[in-house]
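For reference, the structure is listed below as structure tokens.
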2 protein chains.
Amino acid sequence: MADAPSAPTAPRPRSGVASAEWLAGGSGGADRLAQLLPAALRGMAAGTAERGGPVPAGGPAAVAAALARAQSSGLPRHGVGAEQALEELSALLAAGSADPADPACAAHLHCPPLAVSVAADVVASALNPSMDSWDQAPVASEIEREFTTGIARLCYPDAARPDAVITSGGTESNLLGLLLARESAVTRPVCGANSHHSVARAAWLLGLPAPVVVPCADDRMVPSALAEALAPLGAQAVVVATAGTTNTGRIDPLPEIAEICRRTGARLHVDAAYGGLALCSESLRSRVAGLELADSVALDLHKFGWQPVAAGVFAARAEADLEALTVRAEYLNADDDTEAGLPDLLGRSLRTSRRPDAFRMAVTLRALGTSGIGALVERCCANASGVHAMVEDHPALRSWGAPELSTVVFRPTVADELPGTAGDDLVAQVRRTLLEDGTAVIGRGALPTGPDGEAQLWLKLTLLHPHTKPADYRALLDAVAAVAADLRASVTRESPIAS
Amino acid sequence: MADAPSAPTAPRPRSGVASAEWLAGGSGGADRLAQLLPAALRGMAAGTAERGGPVPAGGPAAVAAALARAQSSGLPRHGVGAEQALEELSALLAAGSADPADPACAAHLHCPPLAVSVAADVVASALNPSMDSWDQAPVASEIEREFTTGIARLCYPDAARPDAVITSGGTESNLLGLLLARESAVTRPVCGANSHHSVARAAWLLGLPAPVVVPCADDRMVPSALAEALAPLGAQAVVVATAGTTNTGRIDPLPEIAEICRRTGARLHVDAAYGGLALCSESLRSRVAGLELADSVALDLHKFGWQPVAAGVFAARAEADLEALTVRAEYLNADDDTEAGLPDLLGRSLRTSRRPDAFRMAVTLRALGTSGIGALVERCCANASGVHAMVEDHPALRSWGAPELSTVVFRPTVADELPGTAGDDLVAQVRRTLLEDGTAVIGRGALPTGPDGEAQLWLKLTLLHPHTKPADYRALLDAVAAVAADLRASVTRESPIAS
């Protein structure tokens, strides 16, 4: 096998044949990365320029065609070398991405990541600590412990021994919330109609009954309805409340819910994947008051927290609750190794091999501090208030309600002029039109606002870009109104009876 | 809030206060990364030099002390700025890591990643596609589809419609194997005594009964014992076979196992997390023959595949089997959006938010081709054969058996001179001594080699460094022998009766 040809000064992997020069770690790893990264960044810059907006125009067909032009299908038998592969595919990815660093990409809880976190992750990837045993992750496991302890204390400032583990996001955190309940013989999930789909999915995965669904008003769980649901269940129930719903960013009345759970003996898990990091802001912290009364909490630093996906944390008020995750594997955490002082990491996750995602979170916190993160959360929430005010003033838009976090929910008024489901169809088409045009990525959500409480479709902006002003969203609101008016006009032309 | 002070030519985030200059994406994202990455790489290079070996010396106490010196405990309220945080913590991580790019770090299925994959991941992190909806991951979802289809075809060259999804590793893939079985009313897991601990853990998570454990010989499942176990279970059973065990790298007799499953109507899942990528090598592919007969297969490209953790794939012979993962969430994959042509991604994983790990895998395959990956697998397996021959020739070491993949299992002969569990204690101490010295990271595994078939402890080298020669491991074997002799001598001195 021939080695890669070397450039006169620094060897570079130019051919598709790997040599020792290809490894990211070891004594020359940083140099090799320094040689390769420019190709990736060149491709990224070129692709971003080519895209020119928040999302590629043309919808799925255009994007699939761009991929087909860039490479033949199937796994290639022979390679083209590292630099070419990096530059070409990075350009393709950037040109074909929905970039949350563009203010008009504002559909989901999909944040624009901080460069400091992205850069930190390079070092984690290169050294590749795997979080399933100490001898694969000596200091990475200590950094994770330090970080998770910090998050646990943020959630539970007064608990004696809180603890937290890293997860792949709210979905896994909610699974853990139900799993820990199941392992303490609590087998009946109860959640609000506003809860994330991962709660029902976790129940299914764990072999638990489908959750009892508690009615909501204004997208918040109704405490009296919860009390009624818990009456026959009592200590058999684990309640999942939400601090920041996906549809509207609403926060359930946590203190009242916690009190009802205390009275009935039910466990309480709070899905604070969205709202949890409001704890970093002095001025917003009160919005999630009551979080500290939960038995467990889900938080996502890939929402507020500005980490690339995934950056989930699951916090438990009582460290002992996490013992349900204990597992032994002789090759990873033999009893005699644990007795000899090697920390046992395997019980810190449902996964085995696991990236040190805590590293980039810890670097970000070291760079910005909780106050820096809190300031970014405040900006997003202030933007949402400002955009909401613009919606209220807009002649062609109707607001669902004032934002509690950073989600703005609204509907083009022309949708209300259409009968039956035609209004919802128009709302859905507005979103798809803007997406397929490449103009904007905005979200949707069904809320029970119809005349008889039936679901209606709303548009939403989930504002996670921390460096915009409300005025940056004016053109987007106008575009929604204009597309809605066009669609309304075409409905009238096509079936005048509908008007 | 003050903006960060700007350098004359290019603005840099120097203070702990975030401004727009801090985002990794958008039009200036590549430039911002280019400014920040040198700090991370400088720290990484300095920390690697400080470590100077495969793992920091001093064990857990020394590593924890280094972290305590580097930062105060808890989450900092105020930040130090991006460059300082990056450089200091990257240095700390590198100095305190077990680096698999050092040949003496050879305990686990813990590979040294390729720089091309690490560099590709930077672009993925910066653009942050989240794989739960098309409007968060337009081209990333297409790249993933292309890649998973390629892997599915690699596993199942003759199947009509194979499919594959990305997972967080063998543990999640094994969970999917049992979950898909459960959803087709197959509820009794059966696995070899050689199977990974994640099989039993998946059964527990899913609310299934604990697996029936089939005896092994030579760390391979015994087909006649499997037939016996299946006799009362038949089509109720899902069998998990292993292609590359954690302890020894042995591969179960897949064609015979598949035939027994076919005859009894049992489902078959193969955990090929370790051995699966042997499919890329013309000369080694026959070792995993029979993989294509399984209903599903787990593969990890963070083992052979040289990806940073995590890079798991779960392949299914019949695309339709994956329908068990279907889930609807109005905000992510509403029926009308799917009908309008927006691809539905939510049923491609148990997770919701999800990194585009397929991107760096696809870039790596584009750079090297399957032939390039196959060549690396061949090197590791050839190294293992060479090191095994050195063990056989070594006067102070005893081999467990010839390697089938890249794992070499051996034991210092002095351990056999000690009575009772004292021999195992010595073996365990050899490993810990080398680890705490900072000399080497080697593995351990219990195998039923005692006089009456009871477990004995063995040492192992899992060779995943593709750019070494057998001779590079000679000093390591000698170090094992020397430490074993020292420990044997101290046992004799302390309790002469034991000799």
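Only residues that are open to solvent by 10 Å² or more (accessible area, probe 1.4 Å) and either on the phi < 0 side of the Ramachandran plot or modelled with pLDDT of 95 or more (or both): list them for region A:231-249, please.
A:231, A:232, A:233, A:235, A:236, A:246, A:247
What's the number of the condition residue B:327 fails, among (1) over 23 Å from residue B:247 (Cβ atoms); (2) within 11 Å of chain A (Cβ to nearest Cβ); (3) part of a helix (DSSP H, G or I)?
Of everything listed in (1) over 23 Å from residue B:247 (Cβ atoms); (2) within 11 Å of chain A (Cβ to nearest Cβ); (3) part of a helix (DSSP H, G or I), residue B:327 misses just condition (3).
For residues that are within 14 Å of chain A (Cβ to nearest Cβ), open to solvent by 50 Å² or more (accessible area, probe 1.4 Å) and within 25 Å of the chain's Cα centre (by Cα), scanning just region B:201-230, find the one that is farthest from residue B:403 (Cα to Cα).
Filtering region B:201-230 for residues that are within 14 Å of chain A (Cβ to nearest Cβ), open to solvent by 50 Å² or more (accessible area, probe 1.4 Å) and within 25 Å of the chain's Cα centre (by Cα), the one farthest from residue B:403 (Cα to Cα) comes out as B:204.
Of all residues being over 15 Å from residue A:261 (Cα atoms) and either small (Gly, Ala, Ser) or touching a Phe, Trp or Tyr at 6+ places or on another chain (Cβ under 7 Å) (or both) in region A:190-200, which is most open to solvent (accessible area, probe 1.4 Å)? Just the residue, please.
Checked region A:190-200; the qualifying residue most open to solvent (accessible area, probe 1.4 Å) is A:193.
Which residues, counting only those in region B:35-82, are touching a Lys or Arg at 6+ places or on another chain (Cβ under 7 Å) and part of a helix (DSSP H, G or I)?
The one that is touching a Lys or Arg at 6+ places or on another chain (Cβ under 7 Å) and part of a helix (DSSP H, G or I): B:35.
Name the residues in region B:443-467 that are crowded, with 21+ Cβ neighbours inside 10 Å and at the interface with chain A (Cβ under 9 Å from one of its Cβ atoms), would you?
If the condition is that a residue be crowded, with 21+ Cβ neighbours inside 10 Å and at the interface with chain A (Cβ under 9 Å from one of its Cβ atoms), then B:443, B:444, B:445, B:457, B:460, B:465, B:466 are the ones that fit.
Return the total of residues in region B:372-404 being more than 14 Å from chain A (Cβ to nearest Cβ) and of a type in the set (Val, Ile, Thr).
2
Would you please name the residue that is farthest from residue A:128 (Cα to Cα), looking only at residues in region A:341-371 that are open to solvent by 10 Å² or more (accessible area, probe 1.4 Å), at the interface with chain B (Cβ under 9 Å from one of its Cβ atoms) and without any contact (Cβ under 8 Å) to a residue 60 or more places away in the chain?
Checking each candidate, the answer is A:341.
So that you can scan it fast, the table gives a plain yes or no per residue for (1) without any contact (Cβ under 8 Å) to a residue 12 or more places away in the chain; (2) under 22 Å from residue B:369 (Cβ atoms); (3) open to solvent by 10 Å² or more (accessible area, probe 1.4 Å):
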position: B:140; (1), (2), (3): no, yes, no
position: B:149; (1), (2), (3): no, yes, yes
position: B:153; (1), (2), (3): yes, yes, yes
position: B:157; (1), (2), (3): no, yes, yes
position: B:161; (1), (2), (3): no, no, yes
position: B:167; (1), (2), (3): no, no, no
position: B:172; (1), (2), (3): no, no, yes
position: B:176; (1), (2), (3): no, no, no
position: B:184; (1), (2), (3): no, no, yes
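Within region A:297-316, is even one residue touching an Asp or Glu at 6+ places or on another chain (Cβ under 8 Å), surrounded by fewer than 24 Cβ atoms within 10 Å (Cβ to Cβ) and touching a residue at least 40 places away in the same chain (Cβ under 8 Å)?
no
Restricting region A:425-442 to residues that are under 19 Å from residue A:102 (Cα atoms) and not aliphatic (A, V, I, L, M), which is surrounded by the most Cβ atoms within 10 Å (Cβ to Cβ)?
A:431
Determine which member of the set A:107, A:126, A:115 is touching a strand residue (DSSP E or B) at 6+ places or on another chain (Cβ under 9 Å), closer than 30 Å to residue B:330 by Cα, facing chain B (nearest Cβ under 7 Å) and not acidic (Asp, Glu).
On the way: A:126 fails: closer than 30 Å to residue B:330 by Cα; A:115 fails: closer than 30 Å to residue B:330 by Cα.
Selected residue: A:107, the only one of A:107, A:126, A:115 that is touching a strand residue (DSSP E or B) at 6+ places or on another chain (Cβ under 9 Å), closer than 30 Å to residue B:330 by Cα, facing chain B (nearest Cβ under 7 Å) and not acidic (Asp, Glu).
So, restricting to helices (runs of 4 or more DSSP H) that lie completely within region A:122-230, which ones have at least 1 residues that are closer than 28 Å to residue B:74 by Cβ and of a type in the set (Phe, Trp, Tyr)? Step through it out loud before you land on a result.
On the way: elements: A:138-155, A:170-183, A:197-206, A:223-230.
Correct list: A:138-155.
Of the residues A:413, A:439, A:433, A:449, which single one is closer than 21 Å to residue A:112 by Cα and modelled with pLDDT of 95 or more?
Values: A:413 fails: closer than 21 Å to residue A:112 by Cα; A:433 fails: closer than 21 Å to residue A:112 by Cα; A:449 fails: closer than 21 Å to residue A:112 by Cα.
Exactly one of A:413, A:439, A:433, A:449 is closer than 21 Å to residue A:112 by Cα and modelled with pLDDT of 95 or more, namely A:439.
The values are calculated or read from the model by the stated rules, or taken from the named source; none is laboratory data. Note that the coordinates shown come from a computational prediction; the quantities given were computed from them, not determined experimentally. In this analysis, Cβ positions are derived from the backbone assuming ideal geometry, glycine residues included, and neighbour counts consider all displayed protein chains. Only protein heavy atoms, including side chains, enter the accessible area calculation; ligands, DNA and RNA are left aside. Shrake-Rupley method; radii C 1.70, N 1.55, O 1.52, S 1.80 Å.
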